[in-house]
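Let me begin by presenting the structure, written as structure tokens, before commenting on it.
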Amino acid sequence: MTTMKRREAFRLLPILLLALSCSDLGDELEVDPEAELLEAFSGYDGWTRLPTDHVAAGALDGAHQGGDSTYTRAIYSNGLADGTGAAEGAALVCETFRLVDGERQWAPELGLLGMIKRSGGFAPSGGDWEWVELDTTGTAVRAFGANLAGGACVSCHSGAEDAGGVGFTFSLPPEDEPLLSYSAEIQPIFNAHCVSCHPGNGGLDLGSWTGVLDGGSSGPVVVAGNADGSWLVQRLEGAGGVMPPSGPLPAASIQAVRDWIEQGAQDN
């Protein structure tokens, strides 16, 4: 072999070795499933937040802290699921938390859960959903699979349709159920009946969505997704004395506030 041919062979050797490594070590080049899931759920808090008030009372039982009225469940969708079903790649995330002194406190277990729709045949008995436990920092996947939590997820969600959901989800609202607009329907109620006393009385400012969600000096007054557990609704309905002092709000106004909270207390 001439000197030139030897040099050419050594020049090509790294390329040949790389080709061999790609064919022999293909598994090492596969996408990291945890990284793929993190990417799939990235930025979920910017997705559409779904109302949960169409789900039958008691459907959660003890799941997602369903037995504790102080907890809020916020559900987000990436838009590939609607009131008729879910397309491949549809993803939903459920946050379970409560506010303590204005700070979010996650549920002690399974505080942040996701579900993502896989292609047909992934898990026929579970509607082809994969269940994912996310770290509440959003930087890690704790566990995932078709049988997450020992099959508890799929077992519970198999009854979702009986509770008003669609296709193993508890969280898809009927398509004809519009969200109440805070700016157009809720803030005017507060403006007419509440802000004369609460532009800051008791630390509570009902003049803006931020003020309502921040609560007062005694803590939060709204638990998003849980009207019964919201101090604001309790006072409007007469618990601890009628509010406002001038007399109760019209029933339709109280119901609107209730519905807005049940739909997630959104700033819309």
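The values are calculated or read from the model by the stated rules, or taken from the named source; none is laboratory data. Every value quoted in this text rests on a predicted model; they were computed, and no experiment measured them. Every residue, glycine among them, receives a Cβ derived from its backbone with ideal geometry; neighbour counts consider all protein chains shown.
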Considering only segment 221-248, how many residues are within 23 Å of the chain's Cα centre (by Cα), of a type outside the set (Gly, Ala, Ser) and part of a loop (DSSP other than H, G, I, E, B)? 5
Condition set part of a strand (DSSP E or B) and of a type in the set (A, V, I, L, M), scope segment 135-156, selection surrounded by the most Cβ atoms within 10 Å (Cβ to Cβ): answer is Val141
Among residues of segment 247-266, those that are exposed (fewer than 15 other Cβ atoms within 10 Å of the Cβ), modelled with pLDDT of 85 or more and not aliphatic (A, V, I, L, M), counted: 3
Among the candidates Leu249, Leu179, which residue alone is in contact with a helix residue (DSSP H, G or I) (Cβ under 8 Å, 6 or more places away or on another chain) and in contact (Cβ under 8 Å) with a residue 60 or more places away in the chain? Leu249
Residue list for segment 250-268, restricted to those being under 14 Å from Arg235 (Cα atoms) and of a type in the set (D, E, K, R): Arg258
Do we find a residue being under 22 Å from the mean Cα position of the chain (by Cα) and either in contact (Cβ under 8 Å) with a residue 24 or more places away in the chain or crowded, with 21+ Cβ neighbours inside 10 Å (or both) anywhere in segment 188-200? no
Here are some conditions: (1) in contact with a helix residue (DSSP H, G or I) (Cβ under 7 Å, 6 or more places away or on another chain); (2) in a loop (DSSP other than H, G, I, E, B). Val132 meets all but one. Which one does it not meet? (2)
Arg98 being surrounded by 15 or more Cβ atoms within 10 Å (Cβ to Cβ), assigned by TED's automatic domain parsing to the domain that holds Tyr44, out of contact with any Leu (no Cβ under 9 Å at 6 or more places or on another chain) and within 20 Å of Gln266 (Cα to Cα): yes
For the list (1) surrounded by 10 or more Cβ atoms within 10 Å (Cβ to Cβ); (2) assigned to a helix (DSSP H, G or I); (3) at pLDDT below 90, I need the number of the one condition that Leu37 fails. (3)
So which residues in segment 206-215 are more than 18 Å from Leu249 (Cβ to Cβ) and surrounded by fewer than 19 Cβ atoms within 10 Å (Cβ to Cβ)? Ser208, Trp209, Thr210, Leu213, Asp214
May I ask you to list the residues in segment 110-122 that are buried (at least 16 other Cβ atoms within 10 Å of the Cβ) and over 16 Å from the mean Cα position of the chain (by Cα)? Arg118
Do we have any residue at all in segment 80-92 that's crowded, with 21+ Cβ neighbours inside 10 Å, under 11 Å from the mean Cα position of the chain (by Cα), of a type outside the set (Lys, Arg) and at pLDDT below 90? no
